[in-house]
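Engineer: Let me give you the structure first, and then I'll get to my questions.
The values are calculated or read from the model by the stated rules, or taken from the named source; none is laboratory data. These figures come from a predicted structure and were not determined experimentally. Note that we place each Cβ from the backbone using ideal geometry, even for glycine, and neighbour counts take in every protein chain shown. Remember, those area values only see protein heavy atoms, side chains included, never the ligands or the DNA or RNA. Shrake-Rupley method; radii C 1.70, N 1.55, O 1.52, S 1.80 Å.
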Amino acid sequence: MVSLVIVALALGSLAAPGSGDKSFSKARSCSDIRLFYDGKGFPLDGVPQSEISGEHLRICPQGYTCCTSDMEDNLAVLSRRETEGLLKEAGRSVQTSLTSHYKAFDGYFMDLLNRSAINLHETLTSALGPVYSQNSQVFSDLYADLRLYYRGSNVNLEEVLNEFWAKLLERLFYQEHRERSIGDDYLECVSKQIETLLPFRDIPRVTNMMVTHTFVAARSFVQGLVVGGEVVRKVSQVQLSQECMRSMMKMTYCPHCRGMASARPCPNYCRNVLKGCLANQADLNTEWRHLTETMMWVADRFDGPAGVDSVLLSLPSRISEAIYTMMTNIETINNKLFQSCGSLREGGTSSTDVSDIMKKGRVTVEDTLGSSSTRMDTLVPEVTALLRELQTYWVSLPNVLCNDRVATGTGAEEKCWNGMNRARYLPEVMGDGLASQINNPEVDIDITKPDITIRQQIMQLKIMTHRLKNALNGQDVDFQDTSDDVSGSGSGMCSDSSCSRSTRPAFPSTDQPVNNPYPPEGGKVKGAADRSLPSPTLYLLLLLMVLLRR
């Protein structure tokens, strides 16, 4: 008799509701979940009025529940949509920051280049008169090519600079002997003597070196901002996996199904879910850090005596000094050219404009910074601070997305949602990256199948970092072979209509009262990972191979 009573008590305990918050005598009302579910925009058809047995659940714990299978599926899809929205929001914030600094630097650089061209034009027009006006195309072509190079066009900077000095020698020699008959062949011979003759002394070599270092660094730097923005955009659009969707649903909305709407996830539980969901994204960390570090090194080159300001605004005075240097030694230069290229046909010469130039003496070109003298002093620290802030972006996302959503305060570790109930979460927190998720207890990931899109972006980061390192050494960089759409056009930058005005990466906002999954104080947490299973076709092919071997 006693044994029958014990059995009866045991069966009664097994039939009791699974939630620690529920009464044995009566199933709880589902009014809270109905209100919440309706607030998310779902129809209430089929939503239970009171708790039902949960054997049908495939994601949430199978205790007594207020959720049907359809509700579970709908909330799982919702958790994916909300998570993807948060990741895109975070990505847009980073893009906005990169775009802001891209525009600031690009605008200032182009302003300096335009001011340099204007200074040269105004000064040489008054100082050289017809000598400049009749040959102004040589100078305008130089600045046009420099703009094209900076913008990413397929322009050989070394050839542009060498051609400018050779063409300048030709035009000045022609101007000196314009009353004589000088053919194109003779002028070509003159330009070929520039390396041995050194009509401008050492000015072309020093100027070319400074201009090359400045423009290579500037072009690679803005390209780095473009590539960084493009990588963020593409990675932020990677779809979340089914496994991640299930894990996010279990963490975010299963407490509602269990009648624990106010229960927040345990901190380590949330981190494991997000580290699993964002495992592929975390693998960007190494190359992303390399990119940001190298860009900071390049940015340091933009300030100081050999910085962007000094080089661009001193270019007119260097060109003017080169012209004066040649005119000072014109007789010696003429004699050497006559020896190399032959004497010119006698025809008599008149007083030339070059002679008038020499009477005026050395020309001084105004190249002061004026009101913007501290502009680069501000731009460089700001962009460096941003790059330093973004260095750990990809591995920080799980913590950032969890910070405002997990249980905190006294006794939180004992009362938080651990995926099954209100209790302490025991598993350890996984490391960052795909390889570290092999034993993740919350997200089922096939670590042998990395996301292709993210692997492609890792390669883009490697390529861009290599080019930036070359730029640090003054080596010219060709961006035309960059894959996808990351040429110098700024394609990685978001448009004004799609980006906010923030100049710092503002991570996803957690204040969303309408869609709050943890009323009254909770928030939403989401994430992503990829997994694929062998197709039935593969199994059939393997079976066919076995049969054929028999």
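Engineer: Give the residue, chosen from Ser100, Ser153, Ser116, that is under 21 Å from Ser220 (Cβ atoms), in contact (Cβ under 8 Å) with a residue 24 or more places away in the chain and more than 29 Å from the chain's Cα centre (by Cα).
Structural biologist: Ser116
Engineer: Mind listing whichever residues of the stretch 177-195 are open to solvent by 70 Å² or more (accessible area, probe 1.4 Å) and without any contact (Cβ under 8 Å) to a residue 40 or more places away in the chain?
Structural biologist: Asp184, Asp185, Glu188, Lys192, Glu195
Engineer: Continuing with the same structure: Limited to the stretch 275-306, what total is found for residues that are touching a Cys at 6+ places or on another chain (Cβ under 6 Å) and aliphatic (A, V, I, L, M)?
Structural biologist: The qualifying residues number 0.
Engineer: From Val216, Val206, which residue is crowded, with 21+ Cβ neighbours inside 10 Å, assigned to a helix (DSSP H, G or I), modelled with pLDDT of 90 or more and out of contact with any strand residue (DSSP E or B) (no Cβ under 9 Å at 6 or more places or on another chain)?
Structural biologist: None of the other options fit; the residue is Val216.
Engineer: OK, next. Please find, within the stretch 219-240, the residue that is nearest to Asp451 (Cα to Cα) out of those that are outside any helix (DSSP H, G or I) and of a type outside the set (S, T, N, Q).
Structural biologist: Only one residue fits best here, namely Val238.
Engineer: Determine whether the stretch 231-252 contains at least one residue that is in contact with a Phe, Trp or Tyr (Cβ under 6 Å, 6 or more places away or on another chain) and either among the β-branched types (Val, Ile, Thr) or assigned by the TED database to the domain that holds Met110 (or both).
Structural biologist: The answer is no; no qualifying residue exists.
Engineer: Same structure, new question: Pairs, please: C-beta under 7 Å, at least 6 apart or cross-chain, first residue in contact (Cβ under 8 Å) with a residue 60 or more places away in the chain and in the stretch 268-293, second part of a helix (DSSP H, G or I) and among the charged types (D, E, K, R)?
Structural biologist: Note: pairs meeting the criteria are Glu287/Lys462.
Engineer: Further question: Among the residues of the stretch 63-75, is there at least one that is in the same structural domain as Trp165 (by the TED database), without any contact (Cβ under 8 Å) to a residue 40 or more places away in the chain, small (Gly, Ala, Ser) and loosely packed, with under 15 Cβ neighbours inside 10 Å?
Structural biologist: No, the stretch 63-75 contains no residue that is in the same structural domain as Trp165 (by the TED database), without any contact (Cβ under 8 Å) to a residue 40 or more places away in the chain, small (Gly, Ala, Ser) and loosely packed, with under 15 Cβ neighbours inside 10 Å.
Engineer: Every residue in the stretch 126-140 that is more than 19 Å from Leu112 (Cβ to Cβ) and without any contact (Cβ under 8 Å) to a residue 24 or more places away in the chain, please. Give the derivation first.
Structural biologist: Applying the first criterion (more than 19 Å from Leu112 (Cβ to Cβ)) to the stretch 126-140 yields 126-138.
Across the stretch 126-140, the qualifying residues are Ser126, Tyr132, Ser133, Ser136, Gln137.
Engineer: Could you tell me which of the residues Arg388, Arg424 is closer than 28 Å to Gln95 by Cα, loosely packed, with under 15 Cβ neighbours inside 10 Å and basic (Lys, Arg)?
Structural biologist: Answer to the check: Arg388.
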